[in-house]
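Visitor: My questions will all concern the structure given below.
The values are calculated or read from the model by the stated rules, or taken from the named source; none is laboratory data. Being a predicted model, the structure only gives us computed values, none of them experimental. Cβ: placed from backbone, ideal geometry, glycine included. Neighbour counts: every protein chain shown. Remember, those area values only see protein heavy atoms, side chains included, never the ligands or the DNA or RNA. Shrake-Rupley method; radii C 1.70, N 1.55, O 1.52, S 1.80 Å.
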Amino acid sequence: MSPSRVLLTGANGFVGSHILSQLLNANFSVRAVVRSQSKADSVRGDFSSPSLDFAIVPDITAPGAFDEALKSTPPFDAVIHTASPFLYRAVSNNHEFLDPAIKGTTEILQGIQRVAATSVKRVVITSSFAAIGAFGLYDDANKVYTSADWAPTTLEAALTTTDLGLVYLTSKKFAEKAAWDFLATEKPAFDLVVLNPPMVYGPLRHTVSQIGQLNESNTRIYDLFVAPANTPETPMPPNGVPLYVDVRDLAHAHLRALQVPEASNTRFLLTAGQVSSQQIADIVRAEVPELESRTPKGTPGANGLPETAYTADSSPAQKVLGIAFRPMRETFSELASQLVGIEKAQGQ
Ligand code: NDP
């Protein structure tokens, strides 16, 4: 039977608010977990649905953090856990990335065991390509990643490095690993579905009134392709992680992950495919008239990626979850238009 009562963590985030939107549209009853009353108020401002209620969990690493949130009448059928630190500007040391990611994951799973073990049948966790890719730690030229791959990052390196990027990557690997380890050792009644998206881009579902409040991945798009500091002559920025997924397709995958029995105990690499800076720039310049005089021009029409750039196989997600990825034109034109709107509204 398909679940109807769902606990969603990270509900005020970029990805979380799209998942919340799609859950409510599909008639789920949702308890959104956020860190403060003011965050609950802003989610409520975006979603007036009577099928939405809230739990405040100020510290997801505290023992028993989710126990109260997980108590519900009617009880929860499923849990979606997206909360995890990704904003570099909000993190000042390695533990602030690692602890909420890893302990937050074990806390919610232990909480389910303690207070919702008889009702929760499935847990869906938002992991990342960070838990899969090499990110320069080995040569992945020409590689086609699959969900069988695991990142070579180590906790030892993440605890001592000054590279916060490496710490974020590691936080996602070990958070996901903690979930699979929990399943193996505790043998809970629920099963697990893990989604591993690379860069997630696309329009915002939640209210963001200042560019400075954007989430990490869309901040990248703003800084490199939209911000007034750019001109058509600005050198084309590096490609970064050249794989992406639209946030709406990722949110849809979370819903399907709740519903599809065959997804049980599977991790799904979820990408629409490769994207280069040149492709993003071409779309933004063609689709958003204000940006033609700003966005780096480069060599329009060129692919922009080295021939050896790695790619990834998302066919299991397409087959099992039934996900169809939308064209990249929609993702980047809608996002860039919205970013221009936010910029204008804040009076920049
Ligand atoms: P956002 O920053 O928009 O949302 C992150 C969510 O996690 C927010 O609800 C945030 O709450 C919560 N969170 C962050 N830090 C903590 C913490 N220390 N304790 C409790 N809650 C916390 O990011 P996204 O929506 O982009 O990310 C959502 C998920 O998707 C994350 O798990 C991320 O790793 C994953 N992901 C995102 C990608 C992307 O490109 N955007 C790529 C791959 C995976 P608060 O507002 O209170 O900080």
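Visitor: Residues to consider are Leu250, Leu258; find the one that is crowded, with 18+ Cβ neighbours inside 10 Å, touching a His at 6+ places or on another chain (Cβ under 9 Å) and assigned by TED's automatic domain parsing to the domain that holds Phe76. Before the answer, list the steps.
Guide: Working: Leu258 fails: touching a His at 6+ places or on another chain (Cβ under 9 Å).
Leu250 is the lone residue from the list that is crowded, with 18+ Cβ neighbours inside 10 Å, touching a His at 6+ places or on another chain (Cβ under 9 Å) and assigned by TED's automatic domain parsing to the domain that holds Phe76.
Visitor: With the requirement that a residue be within 13 Å of the ligand (Cβ to nearest atom) and either surrounded by fewer than 24 Cβ atoms within 10 Å (Cβ to Cβ) or not assigned by TED's automatic domain parsing to the domain that holds Thr162 (or both), what does the range 103-123 give you? If you could, list the steps in order and put the result at the bottom.
Guide: If we filter the range 103-123 for residues that are within 13 Å of the ligand (Cβ to nearest atom), which is where we start, we get 103-105, 107-108.
Listed by number, the residues that qualify are Lys103, Glu107.
Visitor: Same structure again: If you check every pair at least six apart or on different chains, which have Cβ atoms under 7 Å apart with a residue in the range 194-205 that is part of a strand (DSSP E or B) first and a residue that is more than 6 Å from the ligand (Cβ to nearest atom) and polar (S, T, N, Q) second?
Guide: Val194/Ser127; Leu195/Ser127; Asn196/Ser127; Asn196/Ser147; Tyr201/Asn218; Tyr201/Thr331
Visitor: Go through Asp163, Asp140 for me and flag whichever is open to solvent by 40 Å² or more (accessible area, probe 1.4 Å) and either in contact with a Phe, Trp or Tyr (Cβ under 8 Å, 6 or more places away or on another chain) or more than 16 Å from the ligand (Cβ to nearest atom) (or both).
Guide: Working: Asp140 fails: open to solvent by 40 Å² or more (accessible area, probe 1.4 Å).
So the residue among Asp163, Asp140 that is open to solvent by 40 Å² or more (accessible area, probe 1.4 Å) and either in contact with a Phe, Trp or Tyr (Cβ under 8 Å, 6 or more places away or on another chain) or more than 16 Å from the ligand (Cβ to nearest atom) (or both) is Asp163.
Visitor: List the residue pairs whose Cβ atoms are under 6 Å apart, where the first residue sits in the range 300-316 and is outside any loop (DSSP other than H, G, I, E, B), the second is surrounded by fewer than 12 Cβ atoms within 10 Å (Cβ to Cβ), and the two are 6 or more positions apart or on different chains.
Guide: Within 6 Å, the pairs are Thr311/Val144.
Visitor: Just need a number here: residues in the range 1-20 that are within 13 Å of the ligand (Cβ to nearest atom) and either open to solvent by 40 Å² or more (accessible area, probe 1.4 Å) or more than 20 Å from Ala101 (Cα to Cα) (or both).
Guide: Counting residues in the range 1-20 that are within 13 Å of the ligand (Cβ to nearest atom) and either open to solvent by 40 Å² or more (accessible area, probe 1.4 Å) or more than 20 Å from Ala101 (Cα to Cα) (or both) gives 3.
Visitor: Among all residue pairs at least 6 apart or on different chains, which show Cβ distances below 6 Å where the first residue, located in the range 137-165, is under 21 Å from Phe268 (Cβ atoms) and the second is β-branched (Val, Ile, Thr) and modelled with pLDDT of 95 or more?
Guide: Val144/Thr311; Tyr145/Ile132; Asp149/Ile132; Ala151/Ile132; Thr153/Thr170
Visitor: Oh, and also: Considering only residues that are polar (S, T, N, Q) and open to solvent by less than 10 Å² (accessible area, probe 1.4 Å), which ones fall in the range 261-289?
Guide: Answer for the range 261-289, where residues must be polar (S, T, N, Q) and open to solvent by less than 10 Å² (accessible area, probe 1.4 Å): Thr271, Ser276, Ser277.
Visitor: Restricting to the range 317-333, and then to whatever is out of contact with any strand residue (DSSP E or B) (no Cβ under 9 Å at 6 or more places or on another chain) and outside any loop (DSSP other than H, G, I, E, B), can you tell me which residue is surrounded by the fewest Cβ atoms within 10 Å (Cβ to Cβ)?
Guide: Lys319
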